[in-house]
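What follows is a single structure, written as structure tokens, with notes after it.
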Ligand code: AQP
């Protein structure tokens with residue numbers, strides 16, 4: 001295992017906390033599939049240990065984990081090419097996270113926007129896991145020596161903290177063992193916003209189902225949600241500059257651009273000057289055309305849950321071939337005495 005140069009390797013994850021949505025698809029899943037085509041070793045993870053930092057009903061968590069795995073495959077990830085795992089089946093994630101809990105500083109964690117948003121005014125009652133979330137995320141990434149992490153914009157701060165943890169560990173122990181991982185935040189839809197409020201990101205936990213397009217929504221529901229999406233009274237501008245200060249309009253155009261794999265300016269060159277009454281049905285048709293095959297395939301895969309469980313078990317075996325030696329070496333660096341095989 002080289003400690004000075006790192007082979008390109010991709011890692012990313014999604015929480016199995018239900019309601020997988022268009023933001024997860026455009027900001028994460030679709031981009032995982034693009035990475036797969038680049039032939040770089042890739043690990044994609046259902047981060048169930050992260051999901052339980054807030055309450056999850058156990059049977060819902062099981063269903064959501066399998067559904068997420070079905071979503072990964074339905075979106076185009078091939079379990080033969082990419083390694084698909086659920087986090088709890090690869091114990092080195094949690095083991096390395098403990099070491100990182102001892103490297104990271106309380107102040108770093110308390111500054112995280114996600115901690116502040118999710119704990120809100122009730123920090124004393126939030127779980128300790130919610131505060132430590134970014135150290136576990138750093139372990140998820142660094143236990144593979146992953147060099148690239150495709151994520152949505154909301155994860156940028158956590159990725160910066162992952163780099164800080166790697167740098168501090170390397171510095172404290174006088175090694176160059178963990179890479180300074182690059183976040184890969186690219187495309188027109190790095191931050192898909194709520195359909196009901198252009199200032200809020202589309203989110204699994206938004207109480208309003210109308211705020212998001214779920215990967216399990218049928219065609220009629222998708223069309224209805226887009227028809228009802230909040231907009232302003234203006235028509236569409238002919239270039240991206242005309243979307244400034246129009247968050248809802250910008251969101252719908254960004255979604256169209258990402259789904260049709262065009263730039264925002266290309267989209268506006270076609271639809272500039274039209275009213276939303278014309279544009280929304282175009283967007284609905286496009287969204288249905290892109291999402292329906294995924295929804296159908298997810299439902300088909302969910303009929304054979306044993307197959308999903310086998311894919312995750314096989315993924316965990318393959319993952320541990322990478323993670324076990326990295327954890328073992330980490331323990332040696334830290335000074336832990338133990339059998340050579342941990
Ligand atoms: N609205 C979004 N736009 C673009 N990308 C997004 N992602 C999430 N929301 C958007 C990206 O999806 C990946 C997985 O995210 P996650 O489920 O692990 O956690 P999250 O970011 O906290 O997602 P949610 O939907 O907001 O969940 P809740 O409501 O449970 O907190 C990440 O790459 C993320 O950037």
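For the chain, taking Cα atoms only, Rg and Dmax work out to 20.9, 70 Å respectively.
If r is the Cβ-Cβ distance from residue 282 to residue 245 and R0 is 25 Å, what FRET efficiency results, to the nearest 0.05?
0.60
In terms of packing, defined here as the mean over residues of other Cβ atoms within 10 angstrom, the peptides 87-93, 329-335 line up highest first as 87-93, 329-335.
Contact order, relative form, for the stretch 230-293: 40 percent (alpha carbon pairs under 8 Å, 6 or more residues apart, mean separation divided by residue count). Taking the C-alpha atoms only, the angle from helix 219-228 to the longest principal axis of the chain is near 70 degrees. Spin-label model, residue 62 to residue 94: label points 7 Å out along the Cα-to-beta-carbon direction sit 1.7 nm apart.
Between the helical axis of 247-260 and the longest alpha-carbon principal axis of the chain there is an angle of about 80 degrees.
Look at where the Cα atoms of the stretch 43-76 and of the stretch 148-219 average out, and the two centres are 16 Å apart. Label point of residue 318 set 7 angstrom out along Cα-Cβ; within the stretch 79-95, amide nitrogens under 11 Å from it belong to 79-85.
The ranking of 231, 162, 65, 296 from fewest to most other beta carbons within 10 Å of each one's beta carbon is 296, 231, 65, 162.
A Förster radius of 22 Å, combined with the Cβ-Cβ distance separating residue 305 from residue 33, puts the computed FRET efficiency at roughly 0.45.
Answer rounded, prolate or oblate for the stretch 209-294, using the Cα gyration tensor with square roots of eigenvalues a ≥ b ≥ c: rounded when a/c is under 1.5, else prolate when a/b is larger than b/c, else oblate. Prolate. Seen against the Cα atoms of the chain and their longest principal axis, helix 128-142 is set at about 80 degrees.
Values quoted throughout were computed directly from the atomic coordinates according to the rules given, and no laboratory measurement underlies them. These numbers come from a predicted model, not from an experiment. Please note: Cβ atoms are built from the backbone with ideal geometry, for glycine as well, and neighbour counts cover all protein chains shown.
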